[in-house]
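Visitor: Here you go, one structure.
The values are calculated or read from the model by the stated rules, or taken from the named source; none is laboratory data. These numbers were taken from a predicted model, which means no experiment stands behind them. Reconstructed Cβ throughout: ideal geometry from the backbone, glycine too, with neighbour counts over all protein chains shown.
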Amino acid sequence: MIKKQLFSPGPTPVPERVLLAMAGPVMHHRDPGYEVLFQEVREGLKYVFQTKQEVLVLASSGTGAMEAAVCNTLSRGDEALVVRGGKFGERWGEICEAYGVNVTPLDVTWGQAVDPGLIKKALDAKPAIKAVLVQASETSTGVMHPIKEIADIVKNRAGTILIVDAISALGVSDLPMDQWGLDVVVSGSQKALMLPPGLAFIALSAKAWGFAEKANLPKFYFNLKEELAVAQKNQSQFTPAISLIVGLREALKMLKEEGLENVFKRHALLARATREAAKALGLELLAPTAPSDALTAIKAPEGVDGKKLKKNFEDQFGLIIAGGQSQLKGKIIRIAHIGYFQSLDIIQAVSTLELVLKGLGYPVKLGAGVKVAEEILSAA
Ligand SMILES: *Cc1c(COP(=O)(O)O)cnc(C)c1O
């Protein structure tokens, strides 16, 4: 027997409460009960996004909201500054290019955070840049970009908005949209929101809605102005992913019960325990200086194949982790601690790491990582 468990940075484990909530019969979205449900969900999303703006709910994976961010705020031929420090940064560039938006790439070594000074420099050099697109947490490398510092640079430029892919950061780390002046914030259901894949979320600042007035890129399914108008009546333009919205209400309740502050603290603690345990085993982190609290990217040690590491996690112990993508293929493993995770999950992941490394002939002192993780978790 092997018990499969998700330790991947999306999809992530779904709490029993949420699964049970979704198991009921599908209600009709024109039923008055749906309006009550959606009203509650809208309030909960504002709490998690830390905004007074409407958070729009789309039936798509997270990338749908990324696409919506671009085609609703920009126009053909506009200039965009794209922070490319991983696979998801590259995706911003690909979406812009698909829509005829001119990309000025700001390439960052994978595993490092962008230097905000370089963003300021790029904006000063090319004042025509209409949008800065960045990840909060770059899931392919496990890096957290300095969003507050970037927002401080962008927010006083009337002609530029900051578009943040917070798909693996929202509900993990503090990212107060209104307080920091983030213009577009995007997220998805299958990360810290503890749901199956299928929902994407997007919120726009007043400044970004101003951009939306002038944006001329084509759009139909993801027309956010039209979505806003109906969302405020607790409706949606098209058939919503009703069962997922029912689950979302439950997941949002859980976040509210724990309190955002505690949610952030929990993620920070689990992340620190994972990082320190890996180091105690003599392993190197891919992002030692600016790690995301959503996941830990660990370099496969010399002579150990990262693909084999990931495979053995799953085949021998049932833990589904992630490997490296593109240039990091076979070079790293990524262990997630985003969403429905608690301290003992980390012990399990670290213990598995020790066992798998030992199985591959890497000299590991069994329990050395677990010990460090337990020390950190018990001191909290
Ligand atoms: C998961 C993820 C995405 C992609 O989301 P999909 O739901 O697969 O479309 C985009 N950006 C980041 C940072 C992510 O973690």
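Visitor: Given the residues VAL164, VAL186, VAL101, VAL172, which is the only one that is β-branched (Val, Ile, Thr) and away from the ligand (no atom under 15 Å from the Cβ)?
Guide: The unique qualifying residue is VAL101.
Visitor: Every residue in the range 178-215 that is small (Gly, Ala, Ser), surrounded by fewer than 24 Cβ atoms within 10 Å (Cβ to Cβ) and part of a helix (DSSP H, G or I), please.
Guide: Let us first name the residues in the range 178-215 that are small (Gly, Ala, Ser), namely 181, 187-189, 192, 198, 200, 203, 205-206, 208, 210, 212, 215.
With the extra rule that they be surrounded by fewer than 24 Cβ atoms within 10 Å (Cβ to Cβ), the set shrinks to 181, 198, 205-206, 210, 212, 215.
ALA206, GLY210, ALA212, listed by residue number.
Visitor: Is it fair to say GLU227 is modelled with pLDDT of 95 or more and in contact with a Lys or Arg (Cβ under 9 Å, 6 or more places away or on another chain)?
Guide: Here the answer is no, as GLU227 does not meet what is asked.
The rows are residues; the columns are (1) of a type in the set (Ser, Thr, Tyr); (2) more than 20 Å from ALA113 (Cα to Cα); (3) part of a loop (DSSP other than H, G, I, E, B).
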residue	(1), (2), (3)
ARG272	no, no, no
GLU302	no, yes, yes
ASP315	no, yes, no
TYR340	yes, yes, yes
ALA349	no, yes, no
THR352	yes, yes, no
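Visitor: I need every pair where a residue in the range 125-137 that is closer than 17 Å to VAL186 by Cβ has its Cβ under 8 Å from the Cβ of a residue that is of a type in the set (Phe, Trp, Tyr) and within 16 Å of the ligand (Cβ to nearest atom), sequence separation at least 6 or different chains.
Guide: Listed by first residue and then by second, the contacts come to LEU133/TRP92; VAL134/TRP92; GLN135/PHE88; GLN135/TRP92.
Visitor: Ok, one more. Strands (runs of 3 or more DSSP E) wholly in the range 98-177 with at least 1 residues that are within 14 Å of the chain's Cα centre (by Cα) - which ones? Spell out how you get there, then give the answer.
Guide: Values: elements: 102-107, 129-135, 161-165.
By residue number, 129-135, 161-165.
Visitor: Given the structure, is GLN232 in contact (Cβ under 8 Å) with a residue 60 or more places away in the chain and buried (at least 23 other Cβ atoms within 10 Å of the Cβ)?
Guide: Criteria not met by GLN232.
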